[in-house]
Amino acid sequence: MSTADLYRDLPAIDELLRQPEVAALLAQDGQSATTDACRVVLERLREEIAADHLDEAKLRLALAGIPAAIRNELSRSLSYSLRPVINATGVVLHTNLGRAPLAQSAIERIREAATTYSNLEFDLESGERGKRDVHVDRLFRKLLSQEQVGQGPTGRAGMPISTHAAEVGATGALARHSLVSTIVVNNNAAAVLLALNTLAEGGEVIVSRGELVEIGGSFRIPDVMTKSGAILREVGTTNRTRISDYERAIHEHTKLLLRVHRSNFEITGFTEQPDIRELVDLAAKHKLPLVEDLGSGALFDLRTIGINNEPSVIDSLRFGVHVVTYSGDKLLGGPQAGLISGRENLVQKMRGNSLFRALRVDKLTYAALEATLLAYVKRDHDAVPALRMMQLSKAEIGERAENLVSGIDSTDIETVLVDGESLIGGGSAPSSVLPTRLIAITAKNVSANELVARLRRSDPPIIARVEDGRVMLDLRTVFPTQDRVLRQILVRAAES
């Protein structure tokens, strides 16, 4: 049979749709989706014929399987692309895996806000139009108030919101005057954009060369600054910038001093960077606003889990930084959002900027953020999954790992527990690690690379890593309720 004859044997789409099995799919999934699935299956057969992969006998077999192929294509095309996965990498704030998982209370608040009407922009007292940011600003005021510093926690690991600023003394003007206010935009890049556009459009912003960072997705601080309408004025060098470099650069066109936290890398060795209090004093001397882009932005004391060099939002405000920008879905453990906290008069200017409306977030983000912040106010840090994961001890993780591997009944797989390190991730504390216990896996008849690929293609997908020719699983980032299904999928994936 010639190639032309093979093509002629392919049925028309109308003919396919009349076949009983395909007609049933048509009634179930609709005309458009079923027709598209037919086109995809037929095009696949044409490609096979063109590549000389099908002769007459093989084509007959393929034609008999067309209804099943259409069913599979419909299943693929109509399934969700955004899927839950099991994160066994040990990276708590894994950017590619959606960063911080939300607290259960946040999920419940999202459901309530999504399935009915709400007072998003309605003042229940006056019966008039209200402002959407009031729902979380009140909670941020509680968390960032002077009284919160140094208070004892009720969380499992003893996690005060912050104590460092209280220990060294509040040197900034925040403690002397001006309330703190907070507004919410869609991410931290938007927060930086809004702050710079509001406070420095048309003027110069002074920033150290060593802080001109690139964040995820190739977004660079200089590019964000250009879009804001501010003019970049670099000072110092990549590794060394002194306070005198900032002072020499200040002139009549200077609108703002910017400090950018190097949250996703470190410069070590022959380095120098002004203390934040030096920048606060310099800004006060020249009556300039000081903005700090913290990137992650913690509202709890990271030193309680052994991380000593990651500044908190409260520390920066206590030292006298006028405006701090940070993320909602990183160390805060909430939804994706860009948060701007600082002097009420400066934040009020940003609230009046037309960009604020363009960058604002919806009711679902406010619902999730409000629930997350309430957990902080109640000192219920265990309710925030990312914080709970960071607090897990090596011994706790090791005990879970032992229980998981003890339930594996397969001759195709070998497991051993080894010491390892978890990462916070999300561009937070780049040099800091959390001690953990890893499950090192070797499959007798499947390579490590093939095994990790099979885990990735499972349902649900399991994301792991390969080290030294073995697949490594870190249960720090696996929810305990996922242990059983992880074990089952692991055994199936290891079968030859």
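Observations
- Condition met for E43 (under 44 Å from the mean Cα position of the chain (by Cα), of a type in the set (D, E, K, R) and surrounded by 13 or more Cβ atoms within 10 Å (Cβ to Cβ)): no
- Unmet requirement for S496, which otherwise passes all of (1) surrounded by fewer than 14 Cβ atoms within 10 Å (Cβ to Cβ); (2) more than 23 Å from Y80 (Cα to Cα); (3) without any contact (Cβ under 8 Å) to a residue 60 or more places away in the chain: (3)
- Residues in region 275-296 that are touching a residue at least 60 places away in the same chain (Cβ under 8 Å), in contact with a helix residue (DSSP H, G or I) (Cβ under 6 Å, 6 or more places away or on another chain) and either buried (at least 19 other Cβ atoms within 10 Å of the Cβ) or among the polar types (S, T, N, Q) (or both): 4 in all.
- One residue from R277, R240, R220 being over 18 Å from T325 (Cα atoms) and either modelled with pLDDT under 95 or not acidic (D, E) (or both): R240
- Among the residues of region 21-34, just one is crowded, with 17+ Cβ neighbours inside 10 Å and either hydroxyl-bearing (S, T, Y) or not assigned by TED's automatic domain parsing to the domain that holds A62 (or both), namely T34.
- Residue list for region 330-347, restricted to those being surrounded by fewer than 17 Cβ atoms within 10 Å (Cβ to Cβ) and closer than 15 Å to V136 by Cα: E344
- Note on region 41-97: residues that are part of a helix (DSSP H, G or I) and either in contact with a Gly (Cβ under 7 Å, 6 or more places away or on another chain) or within 30 Å of M389 (Cα to Cα) (or both) amount to 3.
- Between T325, T241, the distinction of being more than 25 Å from V185 (Cα to Cα) and either crowded, with 17+ Cβ neighbours inside 10 Å or touching a Cys at 6+ places or on another chain (Cβ under 9 Å) (or both) belongs to T241 only.
To keep it simple, each residue is scored yes or no on (1) at pLDDT 80 or above; (2) surrounded by fewer than 18 Cβ atoms within 10 Å (Cβ to Cβ).
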position: R109; (1), (2): yes, no
position: G152; (1), (2): no, yes
position: L174; (1), (2): no, no
position: S178; (1), (2): no, yes
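- Filtered residue count, region 411-429, keeping only those that are loosely packed, with under 14 Cβ neighbours inside 10 Å and farther than 18 Å from M472 by Cβ: 1
- Residue check for I314: surrounded by 24 or more Cβ atoms within 10 Å (Cβ to Cβ) and over 18 Å from the mean Cα position of the chain (by Cα): yes
- Inter-residue pairs, beta-carbon under 6 Å, first over 26 Å from T198 (Cβ atoms) and in region 232-257, second buried (at least 18 other Cβ atoms within 10 Å of the Cβ) and at pLDDT below 90, 6+ apart: T238/G210
- Residue match in region 311-318 (condition: of a type outside the set (S, T, Y) and more than 30 Å from I250 (Cβ to Cβ)): no
Quick grid of which residues meet (1) surrounded by fewer than 20 Cβ atoms within 10 Å (Cβ to Cβ); (2) within 28 Å of the chain's Cα centre (by Cα); (3) without any contact (Cβ under 8 Å) to a residue 40 or more places away in the chain:
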| site | (1), (2), (3) |
| --- | --- |
| E402 | yes, no, yes |
| D409 | yes, no, no |
| P435 | yes, yes, no |
| A443 | no, no, no |
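- Verdict on N449 being assigned to a helix (DSSP H, G or I), among the polar types (S, T, N, Q) and closer than 30 Å to S105 by Cα: no
The values are calculated or read from the model by the stated rules, or taken from the named source; none is laboratory data. Worth saying up front: this structure is predicted, and the values here are computed from it rather than measured. Positions of Cβ are backbone-derived with ideal geometry, glycine not excepted, and every protein chain shown enters the neighbour counts.
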